[in-house]
1. In what sequence, largest accessible area first, do Arg451, Arg136 appear using a 1.4 Å probe?
2. Can you give the local net charge around Glu612? Use residues other than it whose beta-carbon is closer than 12 angstrom to its beta-carbon, Lys and Arg +1, Asp and Glu -1.
3. To the nearest 10 square angstrom, what accessible area does Leu192 show with a 1.4 Å probe?
4. How large is the accessible surface of Trp479 in square angstrom, using a 1.4 angstrom probe and rounding to the nearest 10?
5. Considering amide H positions built from the backbone, and no H for Pro or chain starts, which residues 5 or more places from Ser631, or on another chain, come under 5 Å of its amide H?
6. To the nearest 500 deg cm²/dmol, what mean residue ellipticity at 222 nm is calculated for the chain from DSSP H runs of n ≥ 4 alone, each contributing -39,500 (n - 2.57), summed and divided by the residues?
7. Give the ranking of Phe91, Phe227 by solvent-accessible surface, highest area first, calculated with a 1.4 Å probe.
8. Could you give the length gained on full extension between Glu612 and Leu139, defined as 0.36 nm per residue of separation minus the Cα-Cα distance, in nm?
Amino acid sequence: MNSVKLQPGEVMRSLAELRSIDLRSLFAPLPSAEAVNGAFARTAWLAALLGLIQGLLNPQWLNNVIDGQLIAGVTGCPTWLPEYIYEVNSFSLMNQSAAALIHLGLSDWTVNLIFSAGFAALAYASVATAALLLLRAPLLALLIPLVLTDLRLVGDHYYRIDFPLDRSIFGIVGMHGTLMILTLLIAGRTRLALFLVGLFPAVHASWAIALWLMTGVWFLLTKTNPFKRALLIPFISGVALFLVIGAIHLNFIKTEQPQMDPAQVEEAWQRFMRDDGRKNHNRLIGEQANVALESVQFFTSEILLLLLAGTLWRRRSGALLGGGARLLQAVFGLMAVAMAIRLALEFATEWVPRPLDVLLTSRWMNLDALLVHLLLIGWIIRLAVVERLRLALWALGLLTVIDLGSAFYKRRLPLLPCPDCPTFSERALANGSFVAVTTILLALLIAALWRRGGGVLAERDSWRGRMPEIFVGVMLLVWGGRALYHAVDLRQIVDPLYFSERHRHTPRHCDDWKRFYQERIVDGDGLLMVGPQAFENTHFNNSALYLSRRCIMGPPFGGHPYSLDSLLSSRKLNAQIACAPDPNITGAELVAALPACWANKSEAEWRALRREYGIGALLLNARWRVNLPESDRLCDLRLYELPK
């Protein structure tokens, strides 16, 4: 076998060629809409491949897989459990497809890996294709999701968004699916896009409404006749498939529940809004402590998106033409509808139909937050690398420092000013300083877009002239380094228990945790009831329980208006298991009274609970006391078997 010897001259020539790579030409915008559309498929597939790698190397347990376990019946959860009623009866193709894969014999962890990789690929592809339409530079479009991966997205309108994955995956997939289909439509993949538009209610009902609204805006802007046969056929085909999937859900998955009278419905609704809705996703700005600050933070994304779009339009340099303009116009149309509903909720709550409140239409504005981050990153890089503006270089330096710091900081750092976000816990000075840094970054970008001073950079031959390329290289290394960190330990992909250990879902300092997990949780008898704050100070995370295929339950029992009968079931369980004296007691009050309630239960009462509900064991924090013999312990966890 002949060996290949590299001569010193050849090595130097190769290094010189590498050094001569000009990012200015690589990140420069394409000359026409036709060129952008021609690069669309290639950009989408390459971004999806990068997302696939990200999701596979850094997976997360996803709620649609956990719900798929319930639908497939592998956990043995009873049909009266509020979680079962809500999750199984809520229609979602994501849940059904996970259940189908589990039913076909794939392990729960394998199914979770498939969806982690697939959903991350969707997130990357949607952001990259939107960036391609807005920036018209394929390689720059591919860079943006890599940078976003380590950042914290703020401006979430009371509905948290993580990129690319989060355990609560439904709204995230709905948003990225909506954006992906919209970019397909704008880029000329009309038939595929309209088929997916028709199918999308099977994926996410609220985001399907948003997608249909933006599709209508696109038809109006392009003056396209939606009743053409070539457009109706794919759309109707998608709707037909949605109806088939819905029929499967109604006939084979959804369980029969007792009828509820109007008084019960009203009581369940009011209790949910008091205990959960108005404290979380359904919050009202007017009910917060500082209404002025809350209003600014809530609408920060909209203010910045309008500011950036107006500034880019003013440049008159083809910054927003063709597909990019169509994309922003569709998003602005959705923004107007969502803001109108939000204002109605704030000032005329009682007059707003409840379905609009339940659909959480304010999360539609999370598209604004996503596009603000996309434009912010994209234009900072373009102005620094392509147009060589000195102000943009300073902004790029700050962006690189934030991205680098976010990769090592466990909470991840935001790119937008967020005065009320506890980025650095309760350290007021650190939080205020970071808000000032992000504000300066925004000001530098706006000034550079308006070309207000700063001048241009030196030639690329000097080290100062190559600083934009150096900063971009650092951001690429951040993503590549993290991918390499996960890739060198591929055991986490094939061994889910090791994944739990590596991601600190299990207590490393408790050597006996694997025995405890297998004998007491996996092989245990009956339902496992986990007390509130059971894992507090135990270094144990309930994510490790998802592999057990054992039904897990625990007070305070809740539900959701998506399935009002789940709220009634939770009321009954809270009364019988958690000693709730009043059906109107809040969740916090119930948790506060629960230790005394369970401490006073007799062995006979625990036996009756086992007989009626099938509860086999109780898992509590060591601080709690119950009249049951201790069966086992792990660090500060205590396990009690209920008497038969």
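The values are calculated or read from the model by the stated rules, or taken from the named source; none is laboratory data. Quick caveat: nothing in here was measured; it's all calculated off a predicted structure. Cβ atoms come from the backbone with ideal geometry, glycine included; neighbour counts cover every protein chain shown. Calculation scope for accessible area: heavy atoms of the full protein, side chains included, ligands and nucleic acids excluded. Shrake-Rupley method; radii C 1.70, N 1.55, O 1.52, S 1.80 Å.
1. Greatest to least solvent exposure: Arg451, Arg136.
2. My count for the surroundings of Glu612 gives +3.
3. So the heavy atoms of Leu192 present about 90 Å² to solvent.
4. It works out to around 30 Å².
5. Sorted by chain and number, the residues that satisfy this are Leu639, Tyr640, Glu641.
6. Helix contribution divided over all residues of the chain: -18500 deg cm²/dmol.
7. If we order Phe91, Phe227 from most to least accessible, we get Phe227, Phe91.
8. 164.1 nm
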